[in-house]
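The values are calculated or read from the model by the stated rules, or taken from the named source; none is laboratory data. Computed from a predicted structure; not experimentally measured. Every residue, glycine among them, receives a Cβ derived from its backbone with ideal geometry; neighbour counts consider all protein chains shown.
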Amino acid sequence: AQSVTQLDSQVPVFEEAPVELRCNYSSSVSVYLFWYVQYPNQGLQLLLKYLSGSTLVKGINGFEAEFNKSQTSFHLRKPSVHISDTAEYFCAVKMSNQGGKLIFGQGTELSVKP
Amino acid sequence: DAGVIQSPRHEVTEMGQEVTLRCKPISGHNSLFWYRQTMMRGLELLIYFNNNVPIDDSGMPEDRFSAKMPNASFSTLKIQPSEPRDSAVYFCASSFATGNYGYTFGSGTRLTVV
(Lines give C-alpha, C1' and ligand atoms only; values in the text may rest on other atoms or scores of the structure.)
Protein backbone atom coordinates (compact mmCIF):
# COMPACT_ATOMS: atom_id res chain seq x y z
CA ALA A 1 0.00 0.00 0.00
CA GLN A 2 1.12 3.50 -0.70
CA SER A 3 1.81 5.77 2.26
CA VAL A 4 3.37 9.02 3.32
CA THR A 5 5.26 9.42 6.59
CA GLN A 6 6.24 12.71 8.11
CA LEU A 7 8.83 11.81 10.64
CA ASP A 8 8.34 14.70 13.05
CA SER A 9 4.99 15.75 14.43
CA GLN A 10 6.41 18.95 15.94
CA VAL A 11 9.51 20.97 15.12
CA PRO A 12 10.38 23.92 17.36
CA VAL A 13 13.05 26.25 16.03
CA PHE A 14 14.36 29.73 16.73
CA GLU A 15 13.89 32.57 14.29
CA GLU A 16 16.57 32.83 11.57
CA ALA A 17 17.68 29.24 12.16
CA PRO A 18 17.57 26.68 9.33
CA VAL A 19 14.90 24.02 9.34
CA GLU A 20 14.26 20.67 7.67
CA LEU A 21 10.89 18.91 7.72
CA ARG A 22 11.19 15.28 6.76
CA CYS A 23 8.92 13.26 4.51
CA ASN A 24 9.23 9.70 3.28
CA TYR A 25 6.88 7.81 1.02
CA SER A 26 6.36 4.27 -0.16
CA SER A 27 5.09 3.41 -3.61
CA SER A 28 5.55 0.75 -6.22
CA VAL A 29 4.94 3.21 -9.06
CA SER A 30 6.34 6.60 -9.95
CA VAL A 31 5.04 9.49 -7.92
CA TYR A 32 4.47 13.21 -7.92
CA LEU A 33 5.27 14.99 -4.66
CA PHE A 34 3.88 18.08 -3.01
CA TRP A 35 4.29 20.18 0.11
CA TYR A 36 1.38 22.20 1.48
CA VAL A 37 1.22 24.72 4.33
CA GLN A 38 -1.75 25.33 6.59
CA TYR A 39 -1.92 28.49 8.67
CA PRO A 40 -4.28 28.52 11.67
CA ASN A 41 -7.95 28.39 10.73
CA GLN A 42 -7.19 28.32 7.02
CA GLY A 43 -7.16 25.82 4.20
CA LEU A 44 -4.02 24.30 2.72
CA GLN A 45 -1.85 26.24 0.29
CA LEU A 46 0.57 24.70 -2.18
CA LEU A 47 4.20 25.45 -1.29
CA LEU A 48 5.96 23.50 -4.03
CA LYS A 49 5.79 20.35 -6.11
CA TYR A 50 8.04 17.85 -7.81
CA LEU A 51 6.80 16.34 -11.08
CA SER A 52 9.98 15.46 -12.98
CA GLY A 53 13.35 16.88 -13.96
CA SER A 54 15.61 18.59 -11.44
CA THR A 55 15.35 16.94 -8.06
CA LEU A 56 15.70 20.25 -6.23
CA VAL A 57 12.53 22.31 -6.42
CA LYS A 58 11.97 25.80 -5.11
CA GLY A 59 8.68 27.06 -3.80
CA ILE A 60 7.12 30.10 -2.27
CA ASN A 61 8.32 31.88 0.88
CA GLY A 62 11.92 30.71 0.43
CA PHE A 63 11.21 27.00 0.88
CA GLU A 64 12.82 24.28 -1.20
CA ALA A 65 12.65 20.50 -1.27
CA GLU A 66 14.79 17.74 -2.69
CA PHE A 67 13.47 14.55 -4.21
CA ASN A 68 15.63 11.54 -3.43
CA LYS A 69 14.36 8.50 -5.28
CA SER A 70 16.77 6.00 -3.71
CA GLN A 71 15.76 7.07 -0.22
CA THR A 72 12.11 7.68 -1.20
CA SER A 73 12.25 11.04 0.52
CA PHE A 74 11.12 14.58 -0.19
CA HIS A 75 12.39 16.73 2.68
CA LEU A 76 11.44 20.38 2.95
CA ARG A 77 14.06 22.97 3.90
CA LYS A 78 14.44 26.65 4.56
CA PRO A 79 17.81 28.24 5.38
CA SER A 80 16.40 30.92 7.70
CA VAL A 81 12.89 30.84 9.15
CA HIS A 82 10.66 33.70 10.24
CA ILE A 83 8.00 33.90 12.93
CA SER A 84 5.45 34.01 10.11
CA ASP A 85 6.48 30.50 9.00
CA THR A 86 4.77 29.07 12.08
CA ALA A 87 2.18 26.72 10.62
CA GLU A 88 1.44 23.07 9.89
CA TYR A 89 3.16 21.55 6.89
CA PHE A 90 1.86 18.57 4.94
CA CYS A 91 3.70 16.34 2.54
CA ALA A 92 1.53 14.72 -0.13
CA VAL A 93 1.98 12.11 -2.82
CA LYS A 94 0.10 11.45 -6.01
CA MET A 95 0.62 8.03 -7.54
CA SER A 96 1.06 8.06 -11.30
CA ASN A 97 -1.58 5.33 -11.68
CA GLN A 98 -4.25 6.79 -9.40
CA GLY A 99 -5.57 9.77 -11.25
CA GLY A 100 -5.92 12.90 -9.19
CA LYS A 101 -5.89 11.36 -5.74
CA LEU A 102 -3.48 12.96 -3.25
CA ILE A 103 -2.39 11.07 -0.15
CA PHE A 104 -1.33 13.31 2.72
CA GLY A 105 1.07 12.73 5.58
CA GLN A 106 0.03 13.41 9.15
CA GLY A 107 1.55 16.89 9.15
CA THR A 108 4.43 18.60 10.95
CA GLU A 109 3.77 21.54 13.20
CA LEU A 110 6.54 24.10 12.78
CA SER A 111 6.82 26.52 15.67
CA VAL A 112 9.22 29.43 15.20
CA LYS A 113 10.24 31.19 18.40
CA PRO A 114 11.85 34.63 18.72
CA ASP B 1 -11.15 34.03 -9.24
CA ALA B 2 -12.45 33.90 -5.67
CA GLY B 3 -10.94 30.46 -5.09
CA VAL B 4 -12.76 27.45 -3.72
CA ILE B 5 -15.72 28.64 -1.69
CA GLN B 6 -17.13 26.61 1.16
CA SER B 7 -20.17 27.29 3.28
CA PRO B 8 -20.88 27.56 6.07
CA ARG B 9 -17.56 28.34 7.76
CA HIS B 10 -18.85 27.03 11.06
CA GLU B 11 -21.73 24.70 11.86
CA VAL B 12 -22.93 23.60 15.26
CA THR B 13 -25.69 21.04 15.30
CA GLU B 14 -27.29 18.56 17.61
CA MET B 15 -26.73 14.86 17.31
CA GLY B 16 -29.23 13.26 14.95
CA GLN B 17 -29.71 16.33 12.79
CA GLU B 18 -28.95 16.47 9.09
CA VAL B 19 -25.96 18.57 8.07
CA THR B 20 -25.20 19.80 4.55
CA LEU B 21 -21.85 21.28 3.61
CA ARG B 22 -21.45 23.14 0.36
CA CYS B 23 -18.62 23.77 -2.05
CA LYS B 24 -18.12 25.85 -5.17
CA PRO B 25 -14.92 24.85 -7.00
CA ILE B 26 -12.74 27.11 -9.10
CA SER B 27 -14.27 27.72 -12.50
CA GLY B 28 -12.66 25.43 -15.08
CA HIS B 29 -11.45 22.86 -12.57
CA ASN B 30 -12.98 19.49 -13.32
CA SER B 31 -11.89 17.50 -10.26
CA LEU B 32 -13.35 18.05 -6.81
CA PHE B 33 -12.29 16.47 -3.53
CA TRP B 34 -13.80 16.31 -0.06
CA TYR B 35 -11.42 15.86 2.88
CA ARG B 36 -11.98 15.60 6.61
CA GLN B 37 -9.37 16.80 9.10
CA THR B 38 -9.19 15.74 12.74
CA MET B 39 -6.40 15.74 15.29
CA MET B 40 -6.50 11.98 15.60
CA ARG B 41 -6.70 10.97 11.94
CA GLY B 42 -5.19 13.93 10.10
CA LEU B 43 -6.43 14.61 6.55
CA GLU B 44 -8.63 11.90 5.13
CA LEU B 45 -9.92 11.84 1.57
CA LEU B 46 -13.63 11.10 1.70
CA ILE B 47 -14.59 11.20 -1.97
CA TYR B 48 -13.56 12.76 -5.24
CA PHE B 49 -15.27 13.58 -8.51
CA ASN B 50 -13.98 13.97 -12.07
CA ASN B 51 -16.30 15.84 -14.44
CA ASN B 52 -19.09 15.60 -11.84
CA VAL B 53 -18.84 11.81 -11.62
CA PRO B 54 -17.80 10.16 -8.34
CA ILE B 55 -14.55 8.29 -8.94
CA ASP B 56 -13.53 7.04 -5.52
CA ASP B 57 -15.75 7.10 -2.46
CA SER B 58 -13.82 4.50 -0.50
CA GLY B 59 -13.05 7.06 2.19
CA MET B 60 -16.67 7.80 3.04
CA PRO B 61 -16.90 6.48 6.59
CA GLU B 62 -20.38 5.03 6.44
CA ASP B 63 -23.78 5.28 4.84
CA ARG B 64 -24.65 8.33 6.89
CA PHE B 65 -22.34 10.28 4.57
CA SER B 66 -23.30 11.13 1.01
CA ALA B 67 -21.90 13.52 -1.58
CA LYS B 68 -23.28 14.89 -4.82
CA MET B 69 -22.04 17.05 -7.62
CA PRO B 70 -25.06 18.03 -9.73
CA ASN B 71 -23.01 20.35 -11.95
CA ALA B 72 -19.49 21.60 -12.48
CA SER B 73 -19.87 24.52 -10.09
CA PHE B 74 -21.44 22.96 -7.01
CA SER B 75 -21.04 20.02 -4.66
CA THR B 76 -22.57 19.00 -1.35
CA LEU B 77 -21.52 16.69 1.44
CA LYS B 78 -24.39 15.53 3.60
CA ILE B 79 -24.36 13.76 6.95
CA GLN B 80 -27.62 12.25 8.10
CA PRO B 81 -27.95 11.61 10.99
CA SER B 82 -24.98 13.43 12.45
CA GLU B 83 -23.03 12.10 15.44
CA PRO B 84 -20.52 13.75 17.81
CA ARG B 85 -17.67 11.75 16.24
CA ASP B 86 -18.34 13.55 12.95
CA SER B 87 -17.01 16.75 14.50
CA ALA B 88 -14.09 17.85 12.33
CA VAL B 89 -13.03 20.40 9.74
CA TYR B 90 -14.25 19.45 6.29
CA PHE B 91 -12.29 20.75 3.32
CA CYS B 92 -13.24 20.90 -0.30
CA ALA B 93 -10.52 21.17 -2.95
CA SER B 94 -10.53 21.41 -6.72
CA SER B 95 -8.02 20.93 -9.52
CA PHE B 96 -7.68 20.11 -13.19
CA ALA B 97 -8.23 16.42 -13.79
CA THR B 98 -5.18 16.13 -16.05
CA GLY B 99 -1.72 17.41 -15.40
CA ASN B 100 -0.31 17.88 -11.92
CA TYR B 101 -1.15 21.33 -10.76
CA GLY B 102 -1.91 20.37 -7.19
CA TYR B 103 -5.14 21.21 -5.47
CA THR B 104 -6.68 24.51 -4.44
CA PHE B 105 -8.34 24.18 -1.05
CA GLY B 106 -11.25 26.04 0.41
CA SER B 107 -11.12 27.52 3.89
CA GLY B 108 -13.04 24.62 5.35
CA THR B 109 -16.19 24.10 7.37
CA ARG B 110 -15.71 23.48 11.07
CA LEU B 111 -18.47 21.10 12.13
CA THR B 112 -19.33 20.56 15.77
CA VAL B 113 -21.96 17.97 16.65
CA VAL B 114 -23.16 18.19 20.25
Residue among B:Gly28, B:Gly42 that is at pLDDT below 95, on the phi > 0 side of the Ramachandran plot and more than 14 Å from chain A (Cβ to nearest Cβ): B:Gly28
Strands (runs of 3 or more DSSP E) wholly inside region B:1-85 that include at least 2 residues being more than 21 Å from A:Gln45 (Cα to Cα): B:10-13, B:19-24, B:53-56, B:65-71, B:74-79
Identify all residues within region A:33-61 that are of a type in the set (Gly, Ala, Ser) and within 30 Å of B:Pro8 (Cα to Cα); write none if there are none. A:Gly43
Pairs, first over 19 Å from A:Pro12 (Cβ atoms) in region A:82-105, second at pLDDT 85 or above and of a type in the set (Lys, Arg), C-beta under 6 Å, six or more apart: A:Leu102/A:Lys94
Counted residues in region B:69-99 being within 14 Å of chain A (Cβ to nearest Cβ) and polar (S, T, N, Q) come to 3
Counting only residues in region A:42-66 that are assigned to a loop (DSSP other than H, G, I, E, B) and under 15 Å from A:Asp85 (Cβ atoms), the one farthest from the other protein chains (Cβ to nearest Cβ) is identified as A:Phe63
Filtering region B:8-31 down to residues that are surrounded by fewer than 14 Cβ atoms within 10 Å (Cβ to Cβ) and more than 19 Å from B:Pro81 (Cβ to Cβ) yields B:Arg9, B:His10, B:Ser27, B:Gly28
Select, from A:Ala92, A:Ala65, A:Ala17, the only residue that is modelled with pLDDT of 95 or more, among the aliphatic types (A, V, I, L, M) and buried (at least 16 other Cβ atoms within 10 Å of the Cβ). A:Ala65
